[in-house]
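In what follows, a structure is listed as structure tokens, so that the remarks can point back to it.
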Amino acid sequence: MKIIGVMFFILSIALVYKKFILMIYGKSAIGTIIGFGSVVRGTKGFSTYPYLVKFEYNNQEYIAKSIESALGSYYGVFSEKNYYRKVTVFFKENNPEVVTIKEFKDIYVISLCMFLLGLIGVIYL
């Protein structure tokens, strides 16, 4: 169980690190969520769909996948409440195809839960 706890630690740090690096050292732009990317299948019938965000930077238009995603099923049933929502995106200038969305804070909650599970796994099990 200690190995799983350490893995949770590493994953929680990696998630927050990626978001912070993009927000601190990246460029920002105003974009619009225009849909969802290809499915990432999980277990127990759940899947995630990364948001597709359209934004303009240096007079060039980009469509990028975000590191945040919407939860759904294998059959594509998920909420469309964020369609056409205006958001602030952060990205690296040399890789504008991957963005993070400033307004979405779910990644912090997920990372905190993973960190706490890792802590429990390392200390108590």
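The values are calculated or read from the model by the stated rules, or taken from the named source; none is laboratory data. Please read all numbers here as calculations on a predicted model, not as lab measurements. Cβ atoms come from the backbone with ideal geometry, glycine included; neighbour counts cover every protein chain shown. Side chains included, ligands, DNA and RNA excluded: accessible areas come from the protein's heavy atoms. Shrake-Rupley method; radii C 1.70, N 1.55, O 1.52, S 1.80 Å.
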### Task
Scan region 65-81 and report the pairs whose first residue is closer than 12 Å to Val40 by Cβ and part of a strand (DSSP E or B) and whose second residue is open to solvent by less than 90 Å² (accessible area, probe 1.4 Å) and modelled with pLDDT under 65, with Cβ atoms within less than 6 Å and a gap of 6+ or a chain change.
Ala70/Phe78; Gly72/Phe78
### Query
Tally time: how many residues in region 32-42 are out of contact with any Lys or Arg (no Cβ under 6 Å at 6 or more places or on another chain) and open to solvent by less than 90 Å² (accessible area, probe 1.4 Å)?
6
### Query
Which one of the conditions (1) open to solvent by 50 Å² or more (accessible area, probe 1.4 Å); (2) touching a residue at least 24 places away in the same chain (Cβ under 8 Å); (3) not in a loop (DSSP other than H, G, I, E, B) does Thr100 fail to meet, given that it meets all the rest?
(1)
### Task
Considering every residue within region 43-63, establish whether at least one is open to solvent by 30 Å² or more (accessible area, probe 1.4 Å), more than 30 Å from Ile123 (Cβ to Cβ), over 14 Å from the mean Cα position of the chain (by Cα) and among the aliphatic types (A, V, I, L, M).
yes
### Query
Does Thr48 fit the bill of being closer than 30 Å to Gly5 by Cβ and either in contact (Cβ under 8 Å) with a residue 60 or more places away in the chain or not in a helix (DSSP H, G or I) (or both)?
yes
## Note on the structure
Within region 23-45, residues in contact (Cβ under 8 Å) with a residue 40 or more places away in the chain and either hydrophobic (A, V, I, L, M, F, W, C) or not in a helix (DSSP H, G or I) (or both) come out as Met23, Gly26, Lys27, Ser28, Ala29, Ile30, Gly31, Thr32, Ile33, Ile34, Gly35, Phe36
### Task
Tell me, please, whether a residue that is at pLDDT 85 or above and among the polar types (S, T, N, Q) can be found in region 29-36.
yes
### Query
Residue check, Phe20 against (1) surrounded by 14 or more Cβ atoms within 10 Å (Cβ to Cβ); (2) free of Cβ contacts under 8 Å to residues at least 12 places away in the same chain, all met but one. Which one?
(1)
